[in-house]
Protein chains: 2
Amino acid sequence: MKLLIVGSVGMDSIRTPFGSVRDALGGSAVYASVAASRFSMPAIVGVVGEDFPQRHVRMLERRGIDVSGLQRVPGKTFRWKGRYLFDLNTAHTLATHLNVLRDFNPQLSEPHRGIKDVFLANIDPELQYAVYRQLRAPSIVCADTMNYWITGKRAALKKLLKVVDVLLINEGEARQLAGVPNVVRAARLIRKLGPRVVVVKRGEYGALCFSDGDVFAAPTYPLESVFDPTGAGDSFAGGFCGYIARCGRITPGIIRQAIVFGAVMGSFCVERFSIQRTAAVTWRDICRRYGELHRLVRFEHIHEGRV
Amino acid sequence: MKLLIVGSVGMDSIRTPFGSVRDALGGSAVYASVAASRFSMPAIVGVVGEDFPQRHVRMLERRGIDVSGLQRVPGKTFRWKGRYLFDLNTAHTLATHLNVLRDFNPQLSEPHRGIKDVFLANIDPELQYAVYRQLRAPSIVCADTMNYWITGKRAALKKLLKVVDVLLINEGEARQLAGVPNVVRAARLIRKLGPRVVVVKRGEYGALCFSDGDVFAAPTYPLESVFDPTGAGDSFAGGFCGYIARCGRITPGIIRQAIVFGAVMGSFCVERFSIQRTAAVTWRDICRRYGELHRLVRFEHIHEGRV
């Protein structure tokens, strides 16, 4: 049930066509932890500055998230400033201030080193690997990455991938990492680098999951109004890893369900700014949306010659 | 079982990263008829010039397609020249020569006027409407359109939509027609213009179908090599309309199956140039791919509180 999540913790200032927010709680590890907390017991590992409001820490604690790995150091918290135009598919970064994230060097506590399931959210692959190396007996290692590391730290990323079980990656970044335009071929090539499962996130188009001899296509929940897409991918990953950690093993059936739970958490995330919606959903909300996704894709089978 | 299909008949010259072809059989009505012929008995209505090879007509006939509505007139056949770059999602038009299509004025024969199910493939909405008006007792009217008519003939298109039961439309064109960026909202607005069913085609991302109180998300078959995407949308529409005509009625379940058959025919289309692959597939191939799509999206349901 325990899930170690390492990644960024920050404050986001975002403008969308529907509103704007300043210094809202954000960061890959935050989105992922909040989503995962609905399924498992996440322990968040990250760094914040002196300006990070204590109420955010208390909010995470209230969700049952172990915050003992949240280091507070002198300096300012990581900040991201972005905006979305009407299509909402593309984030336009206006400013990135790494601040205390620049010197982040995660040191796991003894109890955290014993956690078996881990999600290495999107940070420098060298840090992701350093965290992995501190684990005593990792069982299921999930990781995310982004274009910045694919181009800037390819060797470190490749070293990391050798020990990763499940890579969650955006479609464009999968193409970039593999160097081929076709996503099916890209996933096959990435699997050769290490991960036995590759989950390709396609934003509003859902996700494709490639594992040994199995392909799964998951939809997204068709929302009439997307408010703010920030954190959707991390919430997806949190739901996915949280459910995997809850099950404690990977089977084709569990992976499929985990992806759908990821899609559910991603769809809640985009309905409000920050973690507002994800933190407020009930277990009943989650199950209802899971059921809606189940209905969304269902169609009757046919039998050859009998149509 | 009969299905009237009106649209363009032409010859395409295409270059993709994998090869090129000159004056290959193409056109919306051709792709749709060949795909539909696997499910129903299409009658194609279109116009060709003196240069249109008779072997193409014979090929259509061999597929059981009624070619009596294929008019041959003085002049040259409609031609399209295009190319695809590596992403294969965007067709770059190099030349369009309407030729005999410019003065196309379809006159249905008596037997054709009695056909109940019709697919008005992508041509001028005024012509689509003129064909509709010649039908004695249309039952299920399906139609496609494109950006060119949405901007250039919006009034005629809106008049047509009032009598259309099922509109098949590209995602970008749905947004353009409705004037909103969100596809769910766009479909809702388009349904207000007439069609009780709106099928939004999303290329390699599958399709979304909106009908009364029901949404269905269909995947595409994840192909490792897409050879030429030309005609995929028309083949999709042909499979869809062909299955609808076979069933002779619209229910939520039939629509879902029809969309999956559409996805199957679209996926075959892109594996070769022109109709080469679609014309060659066996019923067994179709059923096998339908089954693969069924497996592709399947996941276990959960019951609240029991995960």
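Using the heavy atoms of the protein chains alone and a 1.4 angstrom probe, what is the accessible area of chain A per residue in square angstrom? Could you put the intermediate results ahead of the total?
Working: 12370 Å² over 307 residues.
For chain A, the solvent-accessible area averages 40 Å² per residue.
Once ligands and nucleic acids are excluded and a 1.4 Å probe is used, how much of B:Met1 is accessible, expressed in Å² to the nearest 10?
Using a 1.4 Å probe on the heavy atoms, I get roughly 110 Å².
Connecting C-alpha atoms closer than 10 Å in a GNM of chain A, tell me which of A:Gly266, A:Gly46, A:Gly82 has the biggest fluctuation.
Maximum fluctuation in the GNM of chain A, among the listed residues, is at A:Gly82.
Quick one: with label points 7 Å out along Cα→Cβ, list the inter-copy distances for B:Gly179 in nm, shortest first?
4.9
Quick one: Debye curve from the C-alpha atoms of region B:83-236, no solvent, what's log10 I(q)/I(0) at q = 0.09, 0.16 Å⁻¹?
One equal scatterer on each Cα of region B:83-236 leads to -0.31, -0.98.
Please identify which residues in region A:194-238 have an amide N closer than 20 Å to a label point set 7 Å out from the Cα of A:Ala130, following the Cα→Cβ vector.
none
How charged is the neighbourhood of A:Glu50? Take every other residue with its Cβ under 11 Å from the Cβ of A:Glu50, and add Lys/Arg as +1 and Asp/Glu as -1.
+1
Please state the relative contact order of chain A as a whole percent: Cα pairs under 8 Å, 6+ residues apart?
Values: 668 pairs, mean separation 54.9, N = 307.
For chain A, the relative contact order is 18 percent.
Testing the spin-label approximation: label points 7 Å from Cα along Cα→Cβ at B:Ala156 and A:Leu189. State their distance in nm.
4.6
How large is the helix-only mean residue ellipticity at 222 nm for the protein assembly as shown, computed as the sum of -39500 (n - 2.57) over DSSP H runs with n ≥ 4, divided by its residue count, in deg cm²/dmol to the nearest 500?
Working: 24 runs with 236 residues, N = 614.
It lands at -11000 deg cm²/dmol.
Give the value in nm², to one decimal: projected area of the alpha carbon convex hull of the protein assembly as shown, averaged over all directions.
Working: hull surface 106.1 nm².
Taking a quarter of the hull surface, the average projection is 26.5 nm².
With a 1.4 Å probe, what is the total accessible area buried between chains A and B, in Å² rounded to the nearest 100? Working shown, then result.
Details: alone 14470 and 14470 Å², together 24730 Å².
Result for this pair: about 4200 Å² buried.
Which is the longest stretch in chain A that no exposed loop site breaks, taking sites as GluC sites (Glu not before Pro) with a DSSP loop state and at most 14 other Cβ atoms within 10 Å?
Details: sites that count: A:Glu50, A:Glu224, A:Glu300, A:Glu304.
With GluC sites (Glu not before Pro) excluded where exposed in loops, chain A gives A:51-223 as its longest stretch.
What is the mean number of Cβ atoms from other protein chains located within 10 Å of the Cβ atom of each residue in peptide B:206-217, rounded to a whole number? Intermediate results must be reported in sequence, preceding the final value.
Details: counts 5, 0, 4, 0, 1, 0, 0, 0, 2, 6, 7, 13.
Going residue by residue through B:206-217 and averaging, the value is 3.
Could you compute the net charge surrounding A:Phe39? Neighbours are other residues with a C-beta less than 12 Å from the C-beta of A:Phe39; K and R count +1, D and E count -1. Walk me through the numbers on the way to the answer.
Numbers: positive: A:Lys2, A:Arg38, A:Arg63, A:Arg246; negative: A:Asp117.
With Lys, Arg at +1 and Asp, Glu at -1, the neighbours total +3.
Mind listing, in residue-number order, the residues in region A:230-257 that have at least 30 Å² less accessible area with every protein chain present than in their own chain alone (1.4 Å probe)?
The answer is A:Arg256, A:Gln257 - residues whose exposure falls by at least 30 Å² when every protein chain is included.
Starting at 0 and stepping by 10 Å, how many percent of the alpha carbon pairs of region A:2-297 end up in each bin?
Binned Cα distances yield the sequence 7, 31, 39, 21, 2, 0.
State, to one decimal in nm and shortest first, how far the label point of A:Val73 sits from each corresponding label point in the other identical copies (label point: 7 angstrom along Cα-to-Cβ).
Distances to the matching label points in the other copies: 7.6 nm.
Can you send over the solvent-accessible area of A:Lys162, 1.4 Å probe, protein chains only, in Å² to the nearest 10?
150
Based on Cα positions only, what radius of gyration and what Dmax would you give for region B:1-146, in angstroms?
Cα-based Rg and Dmax for region B:1-146 come out at 15.2, 47 Å.
With all protein chains present, how much of the accessible area of region B:112-227 (probe radius 1.4 Å) comes from carbon and sulfur, to the nearest whole percent?
Details: 2200 of 4440 Å².
Of all accessible area on region B:112-227, carbon and sulfur atoms account for 50 percent.
From other protein chains only, count the Cβ atoms within 10 Å of every residue's Cβ in B:180-191, then give the mean.
On the way: counts 2, 7, 9, 4, 7, 3, 1, 2, 1, 0, 0, 0.
Per residue, the average neighbour count from other chains is 3.
What's the local net charge at A:Leu98, with K and R +1, D and E -1, over the other residues with C-beta under 11 Å away?
Values: positive: A:Lys76, A:Arg79, A:Arg102; negative: A:Asp103, A:Asp124.
Local charge sum for A:Leu98: +1.
Which residue fluctuates the most in chain B, going by a Gaussian network model with Cα springs under 10 Å, if the choices are B:Pro195, B:Pro222, B:Pro42?
Highest fluctuation among the options: B:Pro222.
The values are calculated or read from the model by the stated rules, or taken from the named source; none is laboratory data. In this text the structure is predicted, and so the values were computed from the model without any measurement. A quick note on method: Cβ atoms are made from the backbone with ideal geometry, for glycine too, and the neighbour counts reach across all protein chains shown. Surface accessibility is based on the protein's heavy atoms, side chains included, excluding ligands, DNA and RNA. Shrake-Rupley method; radii C 1.70, N 1.55, O 1.52, S 1.80 Å.
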